[in-house]
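The values are calculated or read from the model by the stated rules, or taken from the named source; none is laboratory data. Just so it is clear, the model here is predicted, and its values are computed rather than measured. Every residue, glycine among them, receives a Cβ derived from its backbone with ideal geometry; neighbour counts consider all protein chains shown. Just so you know, the surface numbers come from the protein's heavy atoms only, side chains and all, with ligands and any DNA or RNA stripped out. Shrake-Rupley method; radii C 1.70, N 1.55, O 1.52, S 1.80 Å.
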Amino acid sequence: MTKIKTAVFSVLLFIPFLSLSQTEDLYKSESIPTELKNKVNAVVRLNQLDVTIDAQDDLSMVHKRIVTVLNEKGNAVVGAISGYDKYNKIRRIEAKIFNAEGKEIKKFKKKDFIDRSAVDGGTLYSDSRVMFMGYMPVDYPYTVEFSCEIESSNTAAIPTWRPINNYYVGVEKDRYTLTDNANLGLRFKEKNLRDYNITKNNSPTSLQLTLEMASPIVPEQLSPSYHKLFPQVLVAVENFSFYGVEGQAKNWLEFGNWMNNALLEGRNQVTEATKSEILKLTENYQDPLAKAKAVFEYVQENTRYISVQVGIGGVQPISALEVDELKYGDCKGLTNYTQALLEIAGVESYYSIVEAGNEIVDLEDDFASLEQGNHIILAIPTEQDMVWLDCTSQLHPFDFIGDFTDSRNVLVIKPDASEIIKTKVYPDSLNYQYTHAQIKLDPTGNLQSTINRKTKGLQYDNRFYLERQSNDDIIEYYKEYWDYVNNLEVLKYDFNNNKIDVVFNETIEVFAGNYGTLTGDRLLFKPNIFNQNTYVPKRYRNRKMPIEIARGYLDEDSFEIELPEGYEVEALPNDVLVETKFGKYQLKLKNNGDSISCTRKLFIKKGEYPSTDYKSYRDFRKQVSKGDNSKIVLKLIS
């Protein structure tokens, strides 16, 4: 679901609390406070957004932003950009560029801004456009003052206050005000404000939030998503208007009713021919899930995904009849279409809003707003749990959503019963990979092997796409995956994608010249040839952020290594067993005379841990890396 957020880019006219001299200082790079200069790409000198609501369909925003850019990476922080469509109009937009001394060197008026479509080629039609400043800096530092004014008839997606939204960026001052002159029922939710210098002056009809002197945040490996760390205040009104459709909602139940009654109802009709086809397709199935699987695969085979982002179409699906006739739709349209077909087959299902992406982001269970969620999926109730379908995917098996929408709170829309439910959680041990290899070493250290590998759960999601890649891309993938194996040649490969059990099987034949190292009459090599884990988290002198392992997994490996003729084992690494609260690592080696058996297990648990546990986790990963890189020494039999 593409959100047409009325406040994505916004605006400010004047700043009464700053004198002229204070404002002029913001253009000079030398006036940046010392505490904001360390490990920084840019400094937000001032960001102010003023939102005024005068009626249920009358919202205005004024935005002023002054940013000093210190290097090339800081260019992305400028933010001299604003989106618009026929419901969100840019009344004024301009920008000024200042050199390091604070002297104005360039000015952009509205006619100087670049005006383009706000969507890419994957969108069939859209009225969303964007205006942005096109400026290539010659020298650093430089400062940009951007200002803009927007008028909108939409009050359903009021912008969230996010005073910090980039790493390596200092914030001198960020101010957000909202005035509800129409008494529409102002609601807001504060998150992660405690550790920042923030002042608040709020009332039942207004917000005034100011952050000052926020030092740059430096990212740390394995830290939680910025949604869990950075300060933000979500904002909504109880009575709103969205592209001419009025609504009322103070919680998810009421929000779901509005979505269902105002945006979804009456959009589930298809042609009589398709209705007959679905009835015939499912007539021999008694199990509702068997019917659902047949319908899901029908949609996969007969439609394609393409984005639709016109007006309310950014939230409302195109009708099932239109999808039926055109054979394409976006996530909203395809989900609504699948739901309509399931209804014909007698299978109950629910249209569901989710914040999709590899990072797990929940909808706030106690704060309903249209500003949350960016995708639509379908939920099918069973006696045990929900079955989840991503109707935009032409590749995923039935009842498999992968890491794009897993393990997060979503809004399931039901008539008079909408609720927040968590999507499927893939247990750590079921995110599984098993690798078996028959390996032959020759006396010069060359290696030849046949590898069989199967993946399940979220590891399946990372692998099954291979079967649709070109030969060159597949060869390149294996060379990168086993980049520690020098001179690797992929001789042959074969795939079996079992969509019923959701298992991806690979058979690969490889050759690697000089894998083993000859030293006189000895041959040295690493027995863990096809799943070496060299990852060790970065060392921090003073770890600040907590640790989050978002998803766990289990790898098991079994390698049979045939020794070259004339060699015997001189030195075999000791077995390794490491058990911690973060997971388990086990490595076993057995000398069979003319061969060596190597078995390995690495189990990583998902979890959240305090920053004080970082060293322990890093030590655990160092032990894994050490074990995986241990070597066997063979000696020429005299």
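Key figures for this structure:
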| item | result |
| --- | --- |
| Dipole of the chain, positive end: most advanced residue of GLY244, PRO231, PHE255 [Cβ charges, Cα centre] | PRO231 |
| Ordering of 90-96, 530-536 by packing [mean C-beta count within 10 Å, highest first] | 90-96, 530-536 |
| Accessible-area composition of the chain, carbon plus sulfur, in percent [1.4 Å probe] | 46 |
| Nearest-20 debye value, segment 432-557 charge dipole, Cβ charges on Lys, Arg, Asp, Glu | 780 |
| Gap separating the Cα centres of segment 459-503 and segment 357-381, nearest whole Å | 32 |
| Phi to ³J(HN,Hα) by Karplus 6.51 cos²θ - 1.76 cosθ + 1.60 over segment 468-484, Hz, x for Gly, Pro | 9, 8, 6, 4, 4, 5, 5, 4, 5, 4, 5, 5, 6, 5, 10, 5, 7 |
| Principal-axis tilt of helix 272-282 within the chain, Cα atoms, nearest 10 degrees | 30 |
| Mean Cβ neighbour count within 10 Å, used as a protection proxy, ranking 212-219, 36-43 highest first | 36-43, 212-219 |
| Values of log10 I(q)/I(0), in the order q = 0.24, 0.27, 0.29, 0.31 Å⁻¹, for segment 438-487 under a Debye, Cα-only, solvent-free model | -1.08, -1.16, -1.19, -1.20 |
| The chain - charge dipole about Cα centre, Lys and Arg +1 at Cβ, Asp and Glu -1, debye rounded to 20 | 2020 |
| Point-charge dipole on Cβ atoms (K/R +1, D/E -1) for segment 436-493, about Cα centre, debye to 20 | 360 |
| Among ASN192, VAL299, ALA182 the positive-end extreme of the charge dipole of segment 165-311 (Cβ point charges) | ASN192 |
| Segment 26-164: radius of gyration over Cα atoms, expressed as a fraction of 2.2 N^0.38 Å | 1.14 |
| Dmax and Rg, reported as Rg then Dmax, of the chain (C-alpha, Å) | 29.1, 95 |
| For segment 293-375, diffusion coefficient by Stokes-Einstein and Kirkwood Rh (Cα), 37 °C, 0.692 mPa s, µm²/s | 236 |
| 31 Å Cα-Cα threshold exceeded, pairs from LYS280/LYS492; LYS73/LYS191; LYS228/LYS622 | LYS280/LYS492 |
| Cα gyration tensor category, rounded, prolate or oblate, for segment 188-258 with a/c compared to 1.5 | oblate |
| The chain: angle of helix 614-628 to the longest principal axis, Cα-based, in degrees nearest 10 | 30 |
| Percent of C-alpha pairs per 10 Å bin, segment 108-204, short to long | 8, 29, 35, 24, 4 |
| Sum of -39500 (n - 2.57) over DSSP H runs of 4+, divided by residues of the chain (222 nm, nearest 500) | -4000 deg cm²/dmol |
| Selection from ASN528, PHE559, TYR617 lying farthest towards where the dipole of the chain points positive, charges on Cβ | TYR617 |
| Whole-angstrom gap from segment 388-422 to segment 36-63, using each part's C-alpha centre | 34 |
| Table column - 3J(HN,Hα) (Hz), segment 443-458, Karplus curve with 6.51, -1.76, 1.60, x for Gly and Pro | x, 8, x, 5, 10, 10, 8, 10, 10, 10, 9, 10, 10, 9, x, 5 |
| Under the Karplus curve 6.51 cos²θ - 1.76 cosθ + 1.60, θ = phi - 60°, whole-Hz ³J(HN,Hα) for segment 354-371, x wherever Gly or Pro sits | 9, 8, 8, x, 4, 6, 7, 10, 7, 5, 5, 5, 10, 8, 8, 6, 6, 6 |
| Sequence ranges 133-140, 572-579, ranked by mean other-Cβ count within 10 angstrom, highest first | 572-579, 133-140 |
| Solvent-accessible area per residue, Å², over the chain with all protein chains present [probe radius 1.4 Å] | 45 |
